[in-house]
4 protein chains.
Amino acid sequence: MYNDFFKSITDQSEKFFSPAIQFNQLVAKNIEQLAKIQLDAAHSFTETSVEQLKTAAEVKDVKSFIDFNASQLSAVNKLSQQLIEDGQKLTQLGQEFKDNLETISNETVKAAKV
Amino acid sequence: MYNDFFKSITDQSEKFFSPAIQFNQLVAKNIEQLAKIQLDAAHSFTETSVEQLKTAAEVKDVKSFIDFNASQLSAVNKLSQQLIEDGQKLTQLGQEFKDNLETISNETVKAAKV
Amino acid sequence: MYNDFFKSITDQSEKFFSPAIQFNQLVAKNIEQLAKIQLDAAHSFTETSVEQLKTAAEVKDVKSFIDFNASQLSAVNKLSQQLIEDGQKLTQLGQEFKDNLETISNETVKAAKV
Amino acid sequence: MYNDFFKSITDQSEKFFSPAIQFNQLVAKNIEQLAKIQLDAAHSFTETSVEQLKTAAEVKDVKSFIDFNASQLSAVNKLSQQLIEDGQKLTQLGQEFKDNLETISNETVKAAKV
């Protein structure tokens, strides 16, 4: 029963819902990219932090203290580089998101005028 | 110069620092386990959420709406199960942490008395 | 135009969509609770970690080293307790989620039979 | 006993450890800033997502669907802007981190030459 009922309105509603669907797919795609960047960052940051924590916990004399500081320096250098790159990725993603929104809005307005 | 200086104090300080080192290694090990549980949880939750977001964005008729709701039900069921298991893991980790702290404290007290 | 079109189907579809809406509201409510628990945990863990990192960075003699270890012990004790409590909250939330799902499923089946 | 022992080496070791302490304080300060940016981002993103999830769960007719899409558009716009700003903050933090590391390295080299 419902199938018949809804089949009849599906074709009519498709045009109505189309911009919303296109928009929601864009949102889903961008959230997926954002989640990937942030999860990768969390993973990499956690891995480095735990590694440093374990190295710090091994410090028991001057040699291991110097080793720890050298590895700390290298870890922080890597982190700085990652922050710069992640920052650029986020900024770029935000900009792409904005551009896509504008494109969809314009298309919807055009479609409404036709 | 520093090497000689520190070599002479290393042996004397080793006994002094030993409980702290043992304790810091325990902290590092437990933080590593905690990080693993939380990163796995974040990964799994994000994957499921993004999957559901993409499925929701495909809803355009009654069939896809019913499909979405079925997949939502299954996702939520999986999430409930994961929450229960993660909760048990965290509680167990916290308890292990406490027990280990107590053991280390007792050993330190004993060593100090000898 | 659309308003008339959709108004006519709204009443008929309300009964059809009602269980899905009820279910989605439950999902939203539980995700909100889950997010609150995890954000609070992340906040508290980060605050403690940064505090310890700052205290560790101040270590420059035996007194500050002993102070750091005392504060580390207290931080870890607090963390253990938090893990136990967060674990119980997550397990409980997962169980509530499961119970609610079951209730909704049973009601939907009953409603379908009437 | 230990106090006397360590007091005698504290003055000598202070100069030796000073760059490491300065460096570790820099690390702690930068991790604190990074944690603040990421926690704020997680908080804001979660708040918006949960809000949208609750609004989505209320969709039951065309009016609420249109309302949801309007609020979705505004949420995504806000998110895009936040991504751009957070990205800039992270990139800037990474750059500051790098610059500070370089300054400390140079000072350490200079001090060693004196």
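Quick note: the coordinates plus some simple rules give every number you see, no bench work behind them. Note that the structure is predicted; figures quoted are calculated from it, not measured. Positions of Cβ are generated from backbone atoms using ideal geometry, with glycine treated the same way; all protein chains shown enter the neighbour counts.
Can you name the residue in chain D whose Cβ lies closest to the D-to-C rotation axis, and give that gap in whole Å?
Measuring from each Cβ to the axis, the minimum is at D:ALA42, 3.
In peptide A:57-65, how many Cβ atoms from other protein chains are near each Cβ within 10 Å, on average?
6
Can you count the Lys pairs in segment D:31-113 with C-alpha separation below 24 Å, eight or more apart or on different chains?
Counting lysine pairs in segment D:31-113 gives 10.
Could you give me the ³J(HN,Hα) list for segment C:37-47, computed from phi with Karplus coefficients 6.51, -1.76, 1.60 and θ = phi - 60°, whole Hz, x at Gly and Pro?
Calculated HN-Hα couplings, in order: 4, 6, 5, 4, 5, 4, 4, 5, 5, 5, 4 Hz.
Order B:88-94, C:33-39 from most to least packed using the mean count of other Cβ atoms within 10 Å.
B:88-94, C:33-39
Got the C:LYS78 label distances to the other copies yet, label 7 Å along Cα→Cβ, in nm, shortest first?
2.9, 3.1, 3.7
How large is the Kirkwood hydrodynamic radius of segment D:20-114, counting all unique pairs of alpha carbons, in Å?
Kirkwood hydrodynamic radius for segment D:20-114: 16.6 Å.
Between C:GLU51 and D:LYS36, with labels modelled 7 Å along Cα→Cβ, what's the label distance in nm to one decimal, could you check?
1.7
For labels at C:GLN92 and A:SER71 in the simple 7 Å Cα→Cβ model, what's the distance in nm?
Roughly 4.0 nm, to one decimal.
How shielded is C:44-51 by partner chains, expressed as the average number of their Cβ atoms within 10 Å of its Cβ atoms?
Across C:44-51, the average partner-chain Cβ count within 10 Å equals 4.
If you take each beta carbon of peptide C:18-27 and count the beta carbons of other chains within 10 angstrom, what is the mean?
5
Run through the other copies and list how far each one's label point is from that of B:GLU47, in nm with one decimal, shortest first; the point sits 7 Å from Cα along Cα-Cβ.
Those separations, rounded to one decimal, come out as 1.7, 3.1, 3.3 nm.
Please report D:PHE97, B:PHE23 as a ranked list, fewest other C-beta atoms within 10 angstrom at the top and most at the bottom.
Ranked by crowding around the Cβ, least crowded first: B:PHE23, D:PHE97.
In whole Hz, with x marking every Gly and Pro, tabulate ³J(HN,Hα) for segment A:98-106 from phi via Karplus 6.51 cos²θ - 1.76 cosθ + 1.60, θ = phi - 60°.
Listing the rounded values in order: 4, 4, 4, 4, 4, 4, 4, 4, 4 Hz.
Collect residues whose amide H, placed 1.01 Å from N in the peptide plane, falls under 5 Å from the amide H of C:LYS60; neighbours closer than 5 in sequence don't count.
Long-range HN contacts for C:LYS60: C:PHE65.
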